[in-house]
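The values are calculated or read from the model by the stated rules, or taken from the named source; none is laboratory data. Fair warning: this is a prediction, and the values are worked out from it, not measured in the lab. We place every Cβ from the backbone using ideal geometry, glycine too, and count neighbours over all the protein chains shown.
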Amino acid sequence: FLLVTCGQRISARSQQHHDVSPIVGGEPTDIFEFPWHVGIMSLGNHICGGSILSEWWILTASHCFLHVNKQVFLSNLEIMHGRDDFNSTEDLKYKKVAKLIMHPRFDSWLLDNDIALLLLESPLNLSVNSVPVCVSEVSNILAWDNCWVTGWGITNTSLVNIQPSKLHKVDVELFRWDQCGHIMPLVTKNILCAGAQDAGKDACQGDSGGPLVCNKKRNRTTWYQLGIVSWGVDCGRKDIPGVYTKVSYYLKWIRKKTEEAGKPYVYVEDSACPLQIACWTIVFLYFMML
């Protein structure tokens, strides 16, 4: 019997190094480092990324499912989990999707409310390479550190039709909302912006729906999903961040929809404040930086 706790890397398996082109500004990784990452597949084709919320639920983006016949599409929809390489000689593990729940106020033009849930036909067998990610209601970016995005997206902006078979990761910085709004005026309060302010690091096409995860400051053992890859201007452009759906904004919606579907998702409310720093200190520092 294996007790699986959200956001924990259970395996200490060493990471291999691969001589392949990285995701824009990133590097290859394996599923033991980000065991909540899944691929969303249709007829054998990878269409988006997603993350494991629980043994029944996958979190992803609504825009992944635009312009499709929902009934026909759903019958062919499945997730690949517990693997980081489409070309692996090991058996790939798949689960069929029973239900797709897109946000009712999803705006396909602004990509506002870009969030969706997938209910699986049968529960995942949670293990060292299939672990749920944690979530938190805390949206203050000063509470978080060590942020990463993962995906099978395009690895080189000059090779726009090439996707790697190997999962990749890229480290990003969170932008303050006012910084992001200054660069991209159409963004709403329920988004996050992340990227590199001095280099071309970003999520890219094919990474849509995948997770942006961070640690609490002074705690590198538990991973929380703060964002869902939504959209951006090209890939990895200097000083222009990628845009992510802010997960904390939708926790009540997630709880409501999973309860209505008969498989309630329950998360532990979290202050995200490290024990060494009081919450009021973080808030004070945040306003001092504005």
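The single condition from (1) part of a loop (DSSP other than H, G, I, E, B); (2) within 15 Å of residue 245 (Cβ to Cβ); (3) not acidic (Asp, Glu) that residue 49 fails is (1). For region 270-289, does any single residue satisfy the condition of being modelled with pLDDT under 95, crowded, with 18+ Cβ neighbours inside 10 Å and assigned to a strand (DSSP E or B)? The answer is no; no qualifying residue exists.
Across region 99-137, the qualifying residues are those that are within 23 Å of residue 7 (Cβ to Cβ) and acidic (Asp, Glu), and the one among them that is surrounded by the fewest Cβ atoms within 10 Å (Cβ to Cβ) is 137.
Residue-by-condition table, conditions (1) crowded, with 21+ Cβ neighbours inside 10 Å; (2) modelled with pLDDT under 95; (3) polar (S, T, N, Q):
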{"residue": "189", "(1), (2), (3)": "no, yes, no"}
{"residue": "201", "(1), (2), (3)": "yes, yes, no"}
{"residue": "208", "(1), (2), (3)": "yes, yes, yes"}
{"residue": "213", "(1), (2), (3)": "yes, no, no"}
{"residue": "218", "(1), (2), (3)": "no, yes, no"}
{"residue": "223", "(1), (2), (3)": "yes, no, no"}
{"residue": "226", "(1), (2), (3)": "yes, no, no"}
